[in-house]
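The values are calculated or read from the model by the stated rules, or taken from the named source; none is laboratory data. What you see is a predicted model; the values in this text were computed from it and never measured. Every residue, glycine as well, gets a Cβ built from its backbone with ideal geometry; the counts of neighbours run over all protein chains shown. Surface areas here come from the heavy atoms of the whole protein model, side chains and all, with no ligands, DNA or RNA. Shrake-Rupley method; radii C 1.70, N 1.55, O 1.52, S 1.80 Å.
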Amino acid sequence: MTTKSGFLAEAHARGFVFQCTDEAELDAALSAGTVAGYIGFDPTGDSLHVGHMVQIMLLRLLQKHGHKPVALLGGGTAKIGDPSFREEARQLLTDAQIAENIAGIRRNIAPFLRFGDGPSDAIMANNADWLDKLGYIELLREIGPHFSISRMLSFDSVKSRLDREQGLTFLEFNYSILQSYDFRELSRRLGVALQMGGSDQWGNIVSGVDLVRRTDGRQVFGLTAPLITTASGAKMGKTAKGAVWLTAERLSPFDYWQFWRNTEDADVGRFLRLFTDVPLEEIARLEVLGGAEINEAKKRLATEATTLAHGAEAAAASAETARLAFEEGAAAENLPSVTLPEAELAAGVPAFALFVSAGLAASNGEARRLIRGGGARLNDVAISDEGLVISAADLRDGALKLSAGRKQHRLVRVGD
RNA sequence: GGAGGGGUGCCCGAGUGGUUAAAGGGGACGGACUGUAAAUCCGUUGGUGAACGCCUACGUUGGUUCAAAUCCAACCCCCUCCA
């Protein structure tokens, strides 16, 4: 079909669309006026990570085209846990943890959207506002008749879990019912007519669309984005130190920049389309770069993506730090750094211990192995002696540069 | 409630009394090659220690034994079928 609405057209062009419930009608609605669309975020952690970026960028794209993005925080559903495709039941969270997580996620999303009271300004909602006081009997009577067990069992998200003989508790099974209830609640309260999400949410989303139609007679829509993997098939977002967090305290802007810089060649174009605002024509020019030139496109990707999450200043600083560190081999000022008490350094610190306190190794043993394997460097010189003691004599311009492998660098500064 | 099956390291999975910090694979990390890429090849992959070692680890607790992931008991959890 040919889409008329700017949002759908660009969503397709950038690779955001996997499935849609009724694309023709959705397109018509989007063309006719402002549409409010939402995506839910589970507050299961205090920071989102790159795995959530597709969803965030979808909301951003929606707003770009004059529609209203709604970020729904699952303060209520987090008490249950989404079982979709999950290998095992989630741990249940306490109210205090959930509140803390919501605050962190708010901060993650904030830079990507314009919030306010205008017609296309973004808003955040928390489903605890309605789920917490929901009565069980009331829910059963009102919603229960509209859900078919056999139908729910047929959803891939549920089936895969049962097929693997991993069981599914009633508690988890109810998650999709509450998610449907959320959709209806947002439809009633805010006129939300579209729910988006990852492809793993398809079943839950379709259930919500059905519920709203059956109980309110209103047509609402569902749109899912594909699961993003790297060209070599790995799940995206894993790095040496775990998930690629959006929170600067958990992952420095420099490391965030580095994550994008290290994108596989084959993914550069796709990622530029999904994770930056770079115009499509420009991306088309960038992605055809061959050989080492593709690195310019990767730098652009890294800087654009970091700008969105951490601001232009942090992005530029990261780019410059990377340039100094990788292209000139210098100990750039802005490398992630740790501070070491002067007295400790004066007394001499074993190299392996310093790697641990710099966060480059998880244990002394790991640091030793790193040294033994030839991957540890001090001031860009490989450390060959496992028992090497580092002292004030090793300072260069008042700091030490530690490297684990070619990519991970830390500056150790001296303080009190 | 009954019958049967199962819970092993980051994950999958082998192991059914000592030679087991536990095969194999995946993942991850390091090295080589490169372009801070992919693919490939090599190495490493519980903690502590310079080291013989010591400590911790095979759902939990207790027991048998010179010796237990392996045998026994109780308990917890998961799965399948029956009620």
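Given A:Ser363, A:Ser384, which one is open to solvent by 10 Å² or more (accessible area, probe 1.4 Å), near RNA strand B (Cβ under 6 Å from one of its atoms) and more than 24 Å from A:Thr321 (Cα to Cα)?
On the way: A:Ser384 fails: near RNA strand B (Cβ under 6 Å from one of its atoms).
Result: A:Ser363 is the single residue among A:Ser363, A:Ser384 that is open to solvent by 10 Å² or more (accessible area, probe 1.4 Å), near RNA strand B (Cβ under 6 Å from one of its atoms) and more than 24 Å from A:Thr321 (Cα to Cα).
Sort out which residues of segment A:305-343 are within 15 Å of RNA strand B (Cβ to nearest atom) and open to solvent by 50 Å² or more (accessible area, probe 1.4 Å), and write them in order of number.
Passing the criteria: A:Ala316, A:Glu320, A:Arg323, A:Phe326, A:Glu327, A:Glu328, A:Ala331, A:Asn334.
Can you name the residue in segment A:245-257 that is within 11 Å of RNA strand B (Cβ to nearest atom) and open to solvent by less than 20 Å² (accessible area, probe 1.4 Å) and is also modelled with the lowest pLDDT among such residues? Even if it seems obvious, please write down each step before you answer.
The initial filter retains those residues of segment A:245-257 that are within 11 Å of RNA strand B (Cβ to nearest atom), namely A:254-255, A:257.
Subsequent filtering for residues that are open to solvent by less than 20 Å² (accessible area, probe 1.4 Å) retains A:254, A:257.
Working: A:Phe254: 92, A:Trp257: 95.
By that ranking, first place goes to A:Phe254.
Kindly indicate the residue of segment A:266-295 that is of a type in the set (A, V, I, L, M) and touching a residue at least 60 places away in the same chain (Cβ under 8 Å) and also farthest from RNA strand B (Cβ to nearest atom) among those meeting that condition.
Here is the first cut: in segment A:266-295, the ones of a type in the set (A, V, I, L, M) are A:266, A:268, A:272, A:274, A:278, A:280, A:283-284, A:286, A:288-289, A:292, A:294.
Restricting the remaining residues to those that are touching a residue at least 60 places away in the same chain (Cβ under 8 Å) gives A:274, A:280.
Details: A:Leu274: 17, A:Leu280: 21 Å.
For segment A:266-295, the residue satisfying everything is A:Leu280.
List the number of the failed condition for A:Leu340; all other conditions in (1) in contact with a helix residue (DSSP H, G or I) (Cβ under 8 Å, 6 or more places away or on another chain); (2) part of a helix (DSSP H, G or I); (3) among the hydrophobic types (A, V, I, L, M, F, W, C) hold.
(2)
Among the residues in segment A:97-119, are any open to solvent by 40 Å² or more (accessible area, probe 1.4 Å), among the β-branched types (Val, Ile, Thr) and at pLDDT below 95?
No.
How do the pairs read when you match residues in segment A:2-24 that are open to solvent by less than 50 Å² (accessible area, probe 1.4 Å) with residues anywhere that are at pLDDT below 95 and in a loop (DSSP other than H, G, I, E, B), using Cβ under 6 Å and keeping only pairs 6 or more apart or on different chains?
From segment A:2-24, the pairs are A:Ala9/A:Thr3.
Taking A:Ala284 and the conditions (1) under 22 Å from A:Leu61 (Cβ atoms); (2) within 23 Å of the chain's Cα centre (by Cα), which numbered condition does it fall short on, given that it satisfies the others?
(2)
Which condition number in (1) in contact with a strand residue (DSSP E or B) (Cβ under 7 Å, 6 or more places away or on another chain); (2) closer than 14 Å to A:Lys79 by Cα is the one that A:Ser176 fails?
It is condition (1) that A:Ser176 fails.
Which condition number does A:Glu293 fail, the rest of (1) modelled with pLDDT of 90 or more; (2) open to solvent by 60 Å² or more (accessible area, probe 1.4 Å); (3) assigned to a loop (DSSP other than H, G, I, E, B) being met?
Only one criterion is unmet by A:Glu293, namely (3).
Looking at A:Lys68 and the list (1) within 25 Å of A:Tyr181 (Cβ to Cβ); (2) within 14 Å of the chain's Cα centre (by Cα), which single condition is not satisfied?
The single condition A:Lys68 does not satisfy is (2).
If only one of A:Gln219, A:Gln201 is more than 16 Å from RNA strand B (Cβ to nearest atom) and either part of a loop (DSSP other than H, G, I, E, B) or without any contact (Cβ under 8 Å) to a residue 12 or more places away in the chain (or both), which one is it?
After ruling out the rest, the residue left standing is A:Gln219.
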